[in-house]
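**Student:** Have a look at the structure that comes next, please.
The values are calculated or read from the model by the stated rules, or taken from the named source; none is laboratory data. Because the structure is a prediction, the values reported are computed rather than measured. Here Cβ is always computed from backbone atoms with ideal geometry, including for glycine, and neighbour counts include all displayed protein chains. Areas reflect the complete protein model, heavy atoms only, side chains present, ligands, DNA and RNA absent. Shrake-Rupley method; radii C 1.70, N 1.55, O 1.52, S 1.80 Å.
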Amino acid sequence: MRSEYTAIAHPNIAFIKYWGNRDDALRLPLNGSISMNLSGLESRTTVQFDEALEHDTFELNGEFQSSASLQRVSQFLDYVRRLVGSTSYARVSSTNNFPTGAGIASSASAFAALALAASKAAGLDLDQKDLSRLARLGSGSACRSVPDGFVEWLPGKDDASSYAVSIAPKDHWGLVDAVAVVSQEHKPIGSTSGHKLAHTSPLNAQRVLDAPERLKNCRDALLERDFAGFADVVELDSNYMHAVMRTSNPPLVYWEPATEVLLWQVWQWRKQGHAVCATVDAGPNVHVLALANERDWLQKALLELPGVKNVLIGEPADGARLVD
Ligand code: PMV
């Protein structure tokens with residue numbers, strides 16, 4: 001048996017967001033979510049279990065990690081060890097080709113790639129559903145980076161029924177995600193802590209209650225390639241999540257002034273007839289979703305706006321896969 005495996009996974013951008021858990025330990029979400037994997041951006045992770053190691057090691061972008069991030073990886077490897085009844089520690093080495101912790105869901109691609117590389121290195125051959133469930137234990141949104149293309153996370157009722165499935169292949173619709181990066185700093189409150197605050201917002205119960213309607217509208221718009229319907233529900237859902245964040249106790253405000261300027265500008269462009277809309281995750285960067293024919297002028301126009309440091313382009317991508 002080969003003991004070292006390398007896997008690649010892409011981050012994903014949520015059109016309908018996951019925010020808040022019904023079970024924090026198992027990362028069972030309060031509501032379903034829909035996303036698209038993003039090509040161009042990727043995590044590449046190699047795992048090797050080795051009986052001679054005295055503890056797990058984790059190298060990220062060439063630097064050995066200690067404390068919190070090593071602990072999170074180690075806890076995740078415990079799930080894999082438990083599945084195979086092993087006590088071997090592992091060497092994990094990972095690279096991201098995009099900024100970590102700045103609202104570009106690095107944890108999604110990281111845990112999807114880690115789930116695949118670690119499960120294979122431990123001798124497991126999980127099917128897509130079980131791989132998605134495993135990735136979910138590392139970071140909820142990671143379960144959506146396992147299947148291909150456009151993906152829906154079925155919230156489920158327990159560990160066995162909460163996983164993501166592909167609802168359309170990557171070539172179904174020529175969407176691009178132009179990520180206007182306004183900050184590359186690590187966000188002050190990570191999403192694992194943020195999810196725990198969702199319950200403290202008086203708006204959250206309503207957001208969860210009518211999530212099935214937004215999921216249906218998004219799924220329908222996506223399958224029919226209806227950009228106008230898609231833009232309405234994507235912006236509503238993102239604003240709803242940020243309203244919940246801002247009305248939590250303590251309040252969570254991820255936006256920066258440049259975020260507001262970008263959102264305003266995207267609305268103006270849409271009013272002028274461009275097929276563009278915006279969504280924001282747990283960070284200040286703005287994901288501008290657009291039809292592929294808008295890509296070139298959009299990238300240039302975003303770079304000219306105040307506070308925009310960089311524009312990353314993602315297109316619909318495959319799910320997690322092994323590298324030879
Ligand atoms: O998977 P987590 O715990 O990093 O949560 C992701 C939360 C959002 O990015 C804000 C929304 C989402 O559905 O991706």
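**Student:** Within the accessible area of the stretch 32-73, what % is carbon and sulfur when the probe is 1.4 Å and the other protein chains stay in place?
**Tutor:** 46
**Student:** Considering only C-alpha atoms, what is the centroid distance from the stretch 12-36 to the stretch 257-301, in Å?
**Tutor:** 23
**Student:** Probe of 1.4 angstrom, ligands and nucleic acids ignored: what's the accessible area per residue over the stretch 173-228, in square angstrom?
**Tutor:** On the way: 2760 Å² over 56 residues.
Heavy-atom SASA per residue in the stretch 173-228 reads 49 Å².
**Student:** Rounding to the nearest 20 debye, state how big the charge dipole of the chain is about its Cα centre with +1 on each Lys and Arg Cβ and -1 on each Asp and Glu Cβ.
**Tutor:** The calculation lands at about 460 debye.
**Student:** May I pose another question? Suppose the Debye formula is applied to equal point scatterers at every Cα of the chain; what is log10 I(q)/I(0) at q = 0.10, 0.11 Å⁻¹?
**Tutor:** -0.53, -0.65
**Student:** While we're looking at this one, here's another question. Where both residues lie in the chain, what percent of DSSP beta bridges are antiparallel, nearest 5?
**Tutor:** Working: 50 of 54 bridges.
Given both bridge residues lie in the chain, the antiparallel proportion sits at roughly 95 percent.
**Student:** Over the stretch 256-303, average the accessible area per residue using a 1.4 Å probe and give it in Å², no decimals.
**Tutor:** Per-residue value: 43 Å².
**Student:** Would you look at the GNM of the chain, springs on alpha carbons closer than 10 Å, and say which of PHE230, PHE49, PHE64 moves the most?
**Tutor:** Sorting by GNM fluctuation, first place goes to PHE64.
**Student:** Further question: Could you work out how far apart the two model spin labels at LYS216 and ALA243 are, taking each label as a point 7 Å from the Cα in the direction of the beta carbon, and quote it in nm?
**Tutor:** About 2.0 nm, to one decimal.
**Student:** Sticking with this one: Using the C-alpha atoms of the stretch 219-278, what convex hull volume per residue, in cubic angstrom, is computed?
**Tutor:** Output value, Cα hull per residue: 76 Å³.
**Student:** Sticking with this one: At 1.4 Å probe radius, can you tell me the per residue accessible area of the stretch 1-146 in Å²? Please report the intermediate quantities before stating the final value.
**Tutor:** Details: 5400 Å² over 146 residues.
Per residue, the stretch 1-146 has 37 Å² of solvent-accessible surface.
**Student:** When the dipole is taken about the Cα centre of the stretch 25-145, and only Lys, Arg (+1) and Asp, Glu (-1) are charged at their Cβ, what size is it in debye, to the nearest 20?
**Tutor:** With only Lys, Arg, Asp and Glu charged at Cβ, the dipole is about 460 debye.
**Student:** Taking the Cα centre of the stretch 28-84 as the origin, how large is its charge dipole in debye, to the nearest 20, when only Lys and Arg (+1) and Asp and Glu (-1) carry charge on their Cβ atoms?
**Tutor:** So the dipole magnitude of the stretch 28-84 works out to roughly 320 debye.
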